[in-house]
Amino acid sequence: MVFHKGRLLIFYKKQPSMNYLEKFKTINTLIFDVDGVLTNSQLLVTETGELLRSMNTRDGYALQKAVKAGYRIVIITGGKSQGVIKRLQGLGITDIYAGVQNKIETFRQYVHDNQLDTANILYMGDDIPDHDVMRLVGLPACPHDAAQEILEIAQYISPKNGGAGCVRDVIEKILKLAGKWEVGN
């Protein structure tokens, strides 16, 4: 157990004796939330009411690399930002579900339509709307600065915060374990 800024953090808590990297080897589908995972949870609001987010380019590089390596990358977000959607599409991600009010329903339909085994899915979320989906996947993960309720159910807590490399962290582990993280490619 670790205390950080008054919050109890337990890393790799569900199976402490198991080598957590073994879980990463089984993953073939990665599902990510946007706000708080691919962004730092902050919104800049312009005078015209436009909402601006900041995304990490290293996360983007890793997402693109995972797509090219044949991994299924899925985005399920409550946000509707066309800029975010355009950015993700530019990285080669085609399975983007934006404006989702019920993430569990979207998740279940996606799993059913694509005949996926939930044991081979990593879901990374950071807040309450991600909770129910995280309880259904083989590897629930979250950024270091996730909500306490999410930290409590995550089997992997990235040492990186949302929007600051947590996505790259999990993708890099998966690709390295599969021998697909080559420098220069």
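None of the figures in this text is laboratory data; all of them are computed from the coordinates on show. These figures come from a predicted structure and were not determined experimentally. All Cβ positions, glycine included, derive from the backbone under ideal geometry; neighbour counts span all protein chains shown.
Looking at the stretch 24-123, the DSSP beta bridges with both ends there are about 25 percent antiparallel. Taking other Cβ atoms within 10 Å as a rough exposure proxy, V34, V45, V111 sort from fewest to most as V45, V111, V34.
If you average the sequence gap of Cα pairs under 8 Å that are 6 or more apart and divide by the length of the chain, what percent do you get for the contact order? Intermediate results must be reported in sequence, preceding the final value.
Numbers: 338 pairs, mean separation 51.7, N = 185.
Normalised by residue count, the contact order of the chain is 28 percent.
By other beta-carbon atoms within 10 Å, ranking Y71, Y61 with the fewest at the front produces Y61, Y71.
Going down the list K68/K103; K25/K65; K103/K176; K86/K176, which pairs span over 23 Å between their C-alpha atoms? Walk me through the numbers on the way to the answer.
On the way: K68/K103 26 Å; K25/K65 17 Å; K103/K176 29 Å; K86/K176 28 Å.
Long pairs (Cα-Cα over 23 Å): K68/K103; K103/K176; K86/K176.
The GNM of the chain, with springs linking C-alpha atoms under 10 angstrom apart, assigns the highest mean-square fluctuation among G92, G163, G125 to G92.
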